[in-house]
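The values are calculated or read from the model by the stated rules, or taken from the named source; none is laboratory data. Everything numeric here is computed off the predicted structure, so don't read it as measured data. In this analysis, Cβ positions are derived from the backbone assuming ideal geometry, glycine residues included, and neighbour counts consider all displayed protein chains. Surface areas here come from the heavy atoms of the whole protein model, side chains and all, with no ligands, DNA or RNA. Shrake-Rupley method; radii C 1.70, N 1.55, O 1.52, S 1.80 Å.
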Amino acid sequence: VQLQASGGGLVQTGGSLRLSCAASGNIFISMGWYRQAPGKQRELVALITSGGSTNYADSVKGRFTISRDDAKKAVYLQMNSLKPEDTAVYYCMANSGFNVYWGQGTLVTVSS
């Protein structure tokens with residue numbers, strides 16, 4: 001299984017970015033996005049199950065939206081109203097129920 005993330009970049013405070021992650025392999029029971037800022041632990045940003053249930057970190061609720069396209073085996077993260085504290089490497093994750101897979105990470109930098 002391989003996960004290919006894209007869509008990171010540099011954006012000003014208040015701007016938007018859309019992250020995409022395409023997966024090979026099986027259908028996953030859950031897919032999501034995590035992030036890791038310099039000097040900090042990796043944290044959950046958003047998660048979506050195969051049934052469409054979502055879960056968000058409190059810090060991104062109302063600003064970020066996660067979605068998935070099972071036909072494309074893809075997961076997306078629409079990020080609006082970005083803040084400097086959103087700066088991090090974002091990793092996509094896919095859980096097959098037996099294993100957890102990670103993408104290579106994509107850097108999001110929000111300038112103040």
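Tell me which chymotrypsin sites (Phe, Trp or Tyr not before Pro) from segment 13-112 have a DSSP coil assignment and no more than 16 other beta carbons within 10 Å of their own. Filter output for segment 13-112: F98. Please state the shape class of segment 1-67: rounded when a/c is under 1.5, otherwise prolate if a/b exceeds b/c and oblate if not, all from the C-alpha gyration tensor. Cα axes put segment 1-67 in the prolate bin.
Charge tally around L19: other residues with Cβ under 13 Å, Lys/Arg +1 each, Asp/Glu -1 each, net +2. S81 contributes an accessible area of around 60 Å² to the protein surface, as traced by a 1.4 Å probe with all chains present.
The share of accessible area on segment 20-102 that comes from carbon and sulfur is 49 percent, using a 1.4 angstrom probe. Protein heavy-atom accessible surface, 1.4 Å probe, per residue over the chain: 52 Å².
To the nearest whole percent, what portion of all C-alpha pairs in the chain is separated by more than 20 angstrom? Above the 20 Å cut-off, the chain has 33 percent of its Cα pairs.
Entry note, segment 33-112: relative contact order of 26 percent, from Cα contacts under 8 Å with a spacing of 6+ residues. Could you please report the charge total around F28, scoring K, R as +1 and D, E as -1 over all other residues with beta-carbon less than 9 angstrom from its beta-carbon? After counting each charged neighbour, the total is +1. The antiparallel fraction among DSSP beta bridges confined to segment 12-112 stands at about 95%.
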